[in-house]
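Derivation of every value follows stated rules applied to the coordinates shown; laboratory data play no part. These numbers were taken from a predicted model, which means no experiment stands behind them. For neighbour counting, all protein chains shown are included, and Cβ atoms are generated from backbone atoms with ideal geometry for every residue, glycine included.
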Amino acid sequence: MHTVLEHPLVGHRVALMRDRETPPKLFRELVNETTTFLAYEALRDIRTRRVEIETPVAKATGERVDEPRIVLVPILRAGMGMLDAMLRVLPYAKVGVLGMQRNEATAEPVPYYAKVPPAKDGAELAIVIDPMLATGGSACDAVAQLKKLGYRRIKFLNLISAPEGIAKFEECHPDVPVFTAAKDERLNSHFYIVPGLGDAGDRIFGTL
């Protein structure tokens, strides 16, 4: 399942992120804000429990989040740009990281680092974050690594998706829902998303 956020406030931020004149500081802020919108949408079905509370006026019944084991998994390095926003929404979550480098000749992911706590009983919720879903290689590999570690509940959040990446990811992991801020036209001959926003990592870290 691939959910594209259809909201004017999201579209506004995506347009600003696409603009080549947007400086790194503003770009990072936009990534954080857009990630927050993605988190709200992706966590609609988060587990909760009913609780009895007492307000200054009367007794009431409310809901509290009942997901004690959530692991956020940014794909290095660009995924780190989305992490702060996710931790603001889920401050009690654990953080694991997966390092992958793209082979520029083949566009295939080359894993170089992994530090993710293993799942204990399948109850953990893992949320993979990475700004771009281009060829789908890194996302597919990341989720495959999490499944090997015992994770059964996984979601993937990203900012911009290409049709090719969506198709590959759904073929590899049809059981993992994807949430994205924008679905773009295609990949170019260099495997960059068109129109895209350029290299998300370079724009986040100012290394253009």
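Observations, loosely collected:
- Crossing angle, helix 137-148 versus the chain [Cα axis fit, 0-90 degrees, rounded to tens]: 40
- Couplings 3J(HN,Hα) for segment 81-88, derived from phi with the Karplus relation 6.51 cos²θ - 1.76 cosθ + 1.60 (θ = phi - 60°), are x, 9, 5, 4, 5, 5, 6, 5 Hz, where x marks Gly and Pro.
- Across segment 58-75, coupling constants 3J(HN,Hα) worked out from phi with the 6.51/-1.76/1.60 Karplus curve, θ = phi - 60°, read 6, 6, 8, 10, x, 10, 10, 4, 10, 10, x, 10, 10, 10, 8, 10, x, 8 Hz, and Gly and Pro carry x.
- Lysine pair number, Cα distance threshold 22 Å (strictly under), the chain, separation 8 or more or different chains: 17
- Distant-in-sequence amide H partners of Val110 (H built 1.01 Å from N, under 5 Å): Gln101, Arg102, Asn103
- Using Cβ point charges alone (K and R +1, D and E -1), the dipole size of segment 83-208 about the Cα centre works out to roughly 500 debye.
- The alpha carbon radius of gyration of segment 114-208, expressed as a multiple of 2.2 N^0.38 Å, is 1.13.
- A crude spin-label estimate for the pair Val65 and Ile46, with each label 7 Å from Cα along the Cβ direction, gives 0.3 nm.
- Between amide H atoms placed 1.01 Å from N, distances below 5 Å from Val97 occur with Lys115, Val116, all of them 5 or more places distant or on a separate chain.
- Dividing the convex hull volume of the alpha-carbon atoms in segment 1-132 by its residue count gives 173 Å³ per residue.
- Compared with the direct C-alpha span, the chain from Glu21 to His7 gains 2.7 nm at full extension, assuming 0.36 nm per residue.
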